Amino acid sequence: MKFCFYPGCTLSTTAEEMSCYAKLSAEILGFTLNEIEDWQCCGAVFPLGTDEVAPKLPAVRALNYAKKQNMPLVTLCSACHQVFKQVNYQMRNDNVFRTDVFNFDNELDYAGETEVLHFLEVIQQCIGFDTLKSKVTNPLSGRKIGAYYGCMLLRPGDIMQFDDPENPVIFENFLRALGAEPVFFPYRNECCGSYRTLKEKEKVREMSGKITASASERGATELITACPLCKYNVDVLSGGEVPVYYFTELLAEALGIKAENPEVSNIQREPEYRHMIIKQE
């Protein structure tokens with residue numbers, strides 16, 4: 001199986017290990033991620049104005065590229081995933097917006113035909129958690145891990161259709177397949193503070209601290225996430241009560257390929273990212 005892959009800015013810089021572990025794991029699981037040529041930043045946030053065209057064009061162009069390749073488009077980052085799902089929905093259902101896009105770039109021929117999948121949805125829908133479990137060589141036995149969904153994967157539910165926005169289970173099923181014990185905790189789909197961290201660090205510390213405290217109180221000793229910004233807020237600003245990992249890192253560990261690829265583990269992007277954010281104070 002082959003998919004078009006949109007890495008996005010953060011996975012090409014400060015969260016490079018998230019992408020590397022995903023590609024290595026995909027090979028073991030039997031599918032290939034073909035990076036889109038000449039991709040541009042998706043904008044990280046979906047503009048709510050229906051007449052906003054220019055900020056959404058990079059997503060439309062990537063979706064159009066995937067359509068020409070006759071492949072679904074796969075994302076990893078929660079923020080990128082939401083932008084693509086929302087833009088795709090608007091291109092499919094808003095004739096006025098679609099006309100505005102074509103007037104802006106008359107080389108585009110796209111009306112929402114591409115299927116947008118998160119990497120975890122590929123595992124669930126195309127591979128299957130039973131198959132994933134059969135590929136595990138280093139089960140995460142005895143580890144109590146909480147899944148932090150955050151906001152953007154789940155909402156708005158009618159457009160994202162990732163899982164039940166109030167009671168999601170896809171990450172927990174993923175953890176079970178890896179041999180871990182998933183921990184359900186009340187704040188697993190609450191906002192971490194998102195981009196407020198640039199100007200309101202104390203508020204974000206408070207919000208993120210509630211997330212880690214909630215997980216810890218329910219017995220979680222680790223957390224996983226699919227969002228680089230969530231990882232920073234919950235892992236760094238919250239005070240580090242519970243370590244936070246990208247879900248692809250634990251996937252690679254369970255598949256036995258993390259230890260075989262120490263060069264990925266040695267990517268030192270996170271400190272650089274922390275310095276960049278802290279500098280804003």
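Observations on the model:
- Computed packing ranks the peptides 71-80, 178-187 as 71-80, 178-187, most packed first, by mean other Cβ atoms within 10 Å.
- Computed over the chain, Kirkwood Rh from alpha-carbon pairs, angstrom: 19.3 Å
- With K and R counted +1 and D and E -1, the other residues having a Cβ less than 13 Å from that of Val242 yield a net charge of +2.
- In a fully extended conformation the segment linking Glu37 and Met1 would gain 11.1 nm over its present Cα-Cα distance, using 0.36 nm per residue.
- Grouping the Cα pair distances of the range 15-79 into 10 Å bins from zero gives a pair-distance distribution of 17, 45, 30, 7, 0 percent in increasing distance order.
- 30 Å Cα-Cα threshold exceeded, pairs from Lys144/Lys258; Lys144/Lys210; Lys135/Lys210: Lys135/Lys210
- Difference of contour (0.36 nm per residue) and Cα-Cα distance, Asn70 to Glu181: 36.2 nm
- Sequence ranges 223-232, 237-246, 13-22, 30-39, ranked by mean other-Cβ count within 10 angstrom, highest first: 223-232, 13-22, 237-246, 30-39
- Spin-label pair Ala259-Ala54: with each label point 7 Å from Cα along the Cα-Cβ axis, the two points sit 5.3 nm from one another.
- Taking the inverse of the mean 1/r over every pair of distinct Cα atoms in the range 133-278 gives a Kirkwood hydrodynamic radius of 15.8 Å.
None of the figures in this text is laboratory data; all of them are computed from the coordinates on show. Everything quoted here is computed from the prediction, not taken from an experiment. With ideal geometry, Cβ positions are generated from the backbone for all residues, glycine too; neighbour counts draw on all protein chains shown.
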